[in-house]
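Rule-based calculations on the coordinates, nothing more; no lab input. Not measured: the values here are computed from a predicted model.
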Amino acid sequence: MLLSLVFLAFCCLGRFCVLDCVLDFEFSTMATHARVILDTRVQLLRPSNGKDQAYYPVKLRITHDRKRRYYQTELPPLTELDWKKIEEGQRMTVTQREVFHGKREVEALAQTIIESLVPFSFPVFKKRFLNPIVSSSDSLQEMFKAHIDRLEQQNRISTASSYRCALKSLLGFHRSLNWNDLHPEFLEGYETEMIVEGKTQNTIGIYLRSLRTIVNQGRSLGLIDNDLYPFGKTSQGKYQIPSSVNVKRALTQGEVQLIKDACPVPGSRAERARDFWLFSYYINGCNIKDIAHLTWDNVDFRDGMIRFVRKKTERANKGHQVKISAVLSPIAEEVIKKYGIPSKDKTDYIFRIIDKGDSAKAQYLKQQEFTKAINIGLKQLARELGIEKNITTYTARHSHATALIHNGASLEFVMDQFKHGSMKTTMNYVDSIDDTKRKDLARLL
């Protein structure tokens with residue numbers, strides 16, 4: 001009687017799977033586990049020594065929450081006899097021994113992926129298992145680095161630098177950054193930490209949009225389930241990247257006039273800074289990168305125009321290159337004569353800020369150094385003129401747009417002047433209109 005009760009208790013506690021369409025033994029639990037099995041549900045016929053033998057595919061079986069899924073492996077089909085020898089690990093042929101080791105490798109890979117999925121998801125597991133790039137827990141970092149490498153190979157050095165800064169910042173917040181960290185709470189924590197460190201909303205937005213680009217790449221590869229995608233609207237329980245804040249960067253017309261009338265020491269850094277700031281101001285707010293790439297072929301002295309393609313949009317608009325057309329004002333022409341290096345070769349750069357033989361990285365570094373020198377000179381000039389605003393090379397672009405609007409130009413004209421792709425971009429400059437202009441317009445109502 002006692003033996004019968006013990007046997008009954010054993011049967012209630014465990015489940016011995018003899019036939020489950022596969023040859024294996026396991027206890028069913030709520031945990032997620034992986035096992036390579038011989039799937040006897042699907043019989044394959046393969047001739048051997050003139051006789052037909054039953055062969056079956058070797059598959060990976062994943063069990064989670066009492067649900068099972070089977071995935072193809074690259075291991076060859078086997079007979080039940082082959083599989084028995086492999087399971088016992090004794091007296092195996094060369095092929096059987098290869099499968100024996102291959103089985104272990106597949107199970108180890110599956111287990112690594114399972115441990116990286118919190119919570120577990122069959123669709124995500126499938127895509128990660130079938131795509132070797134996602135097998136390591138730090139693949140998010142690897143994809144980030146690979147994207148930076150691609151940008152550098154495409155000579156997009158400035159963009160690559162921005163992504164590198166974003167990755168460095170994210171790793172500074174969480175060194176072991178991986179796919180499992182991508183949830184709204186983590187991103188909100190990162191944003192809070194950046195604010196504490198004094199980072200601007202614009203900088204935080206740039207870094208997180210870089211991260212979102214990488215996450216979107218992973219999403220397309222199935223590295224992250226759609227339900228676990230962290231970005232979106234706050235009302236939907238997602239993380240919303242902070243919008244850029246428009247800071248008033250434009251100078252008033254009076255401040256621009258002060259710069260025009262300034263007489264810095266000849267040959268000084270302040271004089272050079274003033275001259276190139278005014279050149280940028282008059283050439284439609286042309287940035288330093290575009291100024292560095294101006295060639296003699298871009299200037300038409302007879303027609304009094306400068307025409308060039310912005311480097312920022314050159315790659316995106318390969319099929320339809322849109323040229324910026326700027327009037328060659330007397331001040332701009334004077335800057336060319338003062339700093340330009342004459343050449344019979346129309347493809348030579350005017351100002352030689354960069355050289356033809358420079359690599360993309362060398363050009364980037366020279367442009368950065370030149371911009372830094374100009375900005376230092378502008379700060380000196382601002383102190384001398386009593387201008388309290390932070391004047392930079394970028395200020396010239398906003399000042400140009402604001403001057404046009406103050407003088408009655410329509411937003412459509414400004415949009416065409418800058419060759420913006422949408423009115424939304426042009427509207428960013430409207431916030432630079434000062435309150436004096438608003439009061440003048442209000443009187444017309």
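Quick look at the values:
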item: Whole-Å distance, taken between Cα centres, linking the stretch 325-400 and the stretch 222-278; result: 18 Å
item: Global form of the stretch 89-176, assessed from the alpha-carbon gyration tensor, a/c cut-off 1.5; result: prolate
item: Alpha-carbon radius of gyration plus Dmax, which is the widest Cα pair, for the stretch 273-344 in Å; result: 12.2, 37
item: For the stretch 360-435, convex hull of alpha carbons as volume per residue, Å³; result: 113 Å³
item: Global form of the stretch 109-233, assessed from the alpha-carbon gyration tensor, a/c cut-off 1.5; result: oblate
item: Compactness of the stretch 262-397 - radius of gyration and Dmax, Cα, Å; result: 15.0, 47
item: The stretch 186-295: equivalent-ellipsoid semi-axes (sqrt of 5 x gyration tensor eigenvalues, Cα, Å); result: 43, 18, 12
